[in-house]
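In what follows, a structure is listed as structure tokens, so that the remarks can point back to it.
The values are calculated or read from the model by the stated rules, or taken from the named source; none is laboratory data. Treat the numbers as computed from the prediction; the structure is a model and nothing was measured. Cβ atoms come from the backbone with ideal geometry, glycine included; neighbour counts cover every protein chain shown. Ligands, DNA and RNA are excluded from the accessible area calculation, which covers all protein heavy atoms including side chains. Shrake-Rupley method; radii C 1.70, N 1.55, O 1.52, S 1.80 Å.
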Amino acid sequence: MATLLRSKLSNVATSVSNKSQAKMSGMFARMGFQAATDEEAVGFAHCDDLDMEHRQGLQMDILKSEGSEEGAEPPLEGDIHYQRDGTGPPPPSASKEAVGCSELSGQGKPKITAWEAGWNVTNAIQGMFVLGLPYAILHGGYLGLFLIIFAAVVCCYTGKILIACLYEENEDGEIVRVRDSYVDIANACCAPRFPTLGGRIVNVAQIIELVMTCILYVVVSGNLMYNSFPNLPVSQKSWSIIATAVLLPCAFLKNLKAVSKFSLLCTLAHFVINILVIAYCLSRARDWAWDKVKFYIDVKKFPISIGIIVFSYTSQIFLPSLEGNMQNPKEFHCMMNWTHIAACILKGLFALVAYLTWADETKEVITDNLPSTIRAVVNIFLVAKALLSYPLPFFAAVEVLERSLFQDGNRAFFPNCYGGDGRLKSWGLTLRCALVVFTLLMAIYVPHFALLMGLTGSLTGAGLCFLLPSLFHLKLLWRKLLWHHVFFDVAIFVIGGICSVSGFIHSLEGLIEAFRTNAED
């Protein structure tokens with residue numbers, strides 16, 4: 001009798017335990033999951049089949065245990081999913097390989113520290129596009145310096161509220177992460193009437209920004225080489241064609257492992273170049289033209305400067321993934337503070353010192369103002385960095401395009417560009433090559449670094465950094481916001497909208513004029 005009673009109690013305990021694990025699994029499944037890096041995402045793709053068998057095995061165990069208990073309630077939808085953070089116990093039939101995949105996708109995945117996250121943000125907001133900031137001071141004066149500070153404060157704030165949109169309060173009053181990406185936030189704001197509209201808008205903005213970044217790399221490569229060797233019978237357009245010929249193998253990229261090895265070296269080289277430029281400017285401190293820095297602005301060209309400044313701070317698109325992979329997400333706000341304070345100080349000093357040195361002769365790319373003896377060496381390093389940086393936004397744009405247009409299941413607009421063996425089809429490779437050629441054509445017909453940078457910053461930069469985060473914050477969390485948060489969000493949305501429209505119109509006018517001039521030539 002005692003043995004029978006113990007057996008009955010054991011079965012009940014097992015049933016309760018399984019149902020508890022299943023409900024926890026459902027919660028984590030609804031919270032979603034984000035891979036830390038592209039390499040980890042590839043690893044999860046290889047584990048899909050094993051993970052499916054694992055979840056099915058757990059489902060059968062739950063159904064069997066519930067079937068042994070009379071009056072058991074059916075499992076909730078989504079509660080049968082395996083707990084992807086690795087804390088759920090695997091079924092006895094699960095293989096070691098499946099357990100290994102589970103551990104890889106959960107607690108075993110590498111996390112980054114706040115310092116490493118800060119390094120990633122610093123690379124994004126202090127890249128080679130800071131070379132255009134002195135040109136913004138040329139047309140904005142002290143107001144341009146103020147905008148460098150203002151943009152840092154606003155982008156830091158919108159980055160924080162964007163991360164706040166990833167979280168919601170559960171039934172127990174705990175703050176839990178229910179979304180993983182910018183696209184998830186956008187879709188949540190448009191649900192239930194248009195559940196995918198927001199994600200498509202963000203994807204389009206992201207593709208435009210990535211492709212425009214590729215175009216800027218080609219433009220700056222041609223510009224730097226032409227100004228480094230002005231005596232050679234090679235035009236800027238020809239240098240751009242040579243640069244694109246070097247970049248054409250990017251169409252054959254399968255991953256970024258080979259390119260990523262050079263990323264740290266290129267970043268360090270760029271910081272060294274910035275230091276060299278500042279050192280040269282300091283050596284001419286006696287000749288600084290303080291009287292040239294005015295409070296008035298060039299009404300026609302200053303809106304372009306706004307776009308340049310905003311574009312130099314764009315990092316919001318990858319912040320959700322970055323925060324999700326931090327060892328301590330609570331340190332995210334502190335990390336955003338010190339990275340943007342450092343960026344604000346360094347950008348402001350670099351722009352002001354460079355402008356004081358060359359005043360009204362400041363060019364679109366500040367290194368073109370350096371003496372010819374120094375310019376060639378510095379520009380060659382910058383061209384190398386631009387060429388090695390090109391594959392990163394290009395590969396990201398290709399992935400977004402392929403996922404949205406060719407690999408979105410029944411919602412895909414075109415047939416899958418990959419064959420059954422996982423190889424890229426010939427016509428898919430042709431489209432990649434066409435994208436490289438498109439960046440060349442844009443660089444040839446509109447070889448103006450400042451105009452393109454201002455247009456991109458006004459269109460996608462302001463949208464992704466100013467408008468959408470404040471709008472999403474108001475839409476998702478408006479019931480819990482304090483009055484000053486509502487005021488800040490509305491003010492940022494209005495000011496960002498005005499600056500975006502103004503900068504876009506003036507940049508577009510300049511580009512159309514430049515396009516006509518080049519077409520006539």
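Okay, here's what the table says:
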read-out: Inter-label distance, nm, simple model (7 Å from Cα along the C-beta direction), Thr517/Val437; value: 2.8 nm
read-out: Full-extension gain in nm, Glu509 to Val176, via 0.36 nm per residue minus C-alpha separation; value: 115.2 nm
read-out: Dipole magnitude of segment 359-407, debye to nearest 20 (Cβ charges: Lys/Arg +1, Asp/Glu -1, about Cα centre); value: 180 debye
read-out: Cα→Cβ-extended label distance, 7 Å offset, between Ile112 and Ala279, nm; value: 2.9 nm
read-out: Heavy-atom accessible area per residue - segment 137-204, 1.4 Å, Å²; value: 44 Å²
read-out: Zero-based 5 Å bins, Cα pair distances in segment 439-521, whole percents; value: 3, 15, 20, 17, 12, 10, 8, 7, 5, 3, 1, 0
read-out: Rounded to whole Hz, the Karplus (6.51, -1.76, 1.60) HN-Hα couplings of segment 115-124, x for glycine and proline; value: 5, 5, 5, x, 5, 5, 5, 4, 4, 6
read-out: Probe 1.4 Å - accessible area at Tyr445, Å² to nearest ten; value: 100 Å²
read-out: Segment Leu232-Arg286, extension gain: residue separation times 0.36 nm, minus the distance between their alpha carbons; value: 16.0 nm
read-out: Heavy atoms of Ile297 accessible to a 1.4 Å probe, total area in Å² rounded to 10; value: 60 Å²
read-out: Amide H contacts under 5 Å for Met326, placed H, 5+ residues apart; value: Ile112
read-out: Rounded to the nearest 10 Å², the accessible area of Phe488 at probe 1.4 Å; value: 90 Å²
read-out: Rough spin-label spacing in nm, given labels placed 7 Å along Cα→Cβ, for Lys425 and Glu361; value: 5.7 nm
read-out: Over 25 Å between alpha carbons, listed pairs Lys294/Lys385; Lys347/Lys385; Lys237/Lys347; Lys300/Lys347; value: Lys294/Lys385; Lys237/Lys347
read-out: Potential lengthening between Ile495 and Ser321 on full extension [0.36 nm per residue; Cα-Cα distance subtracted]; value: 59.9 nm
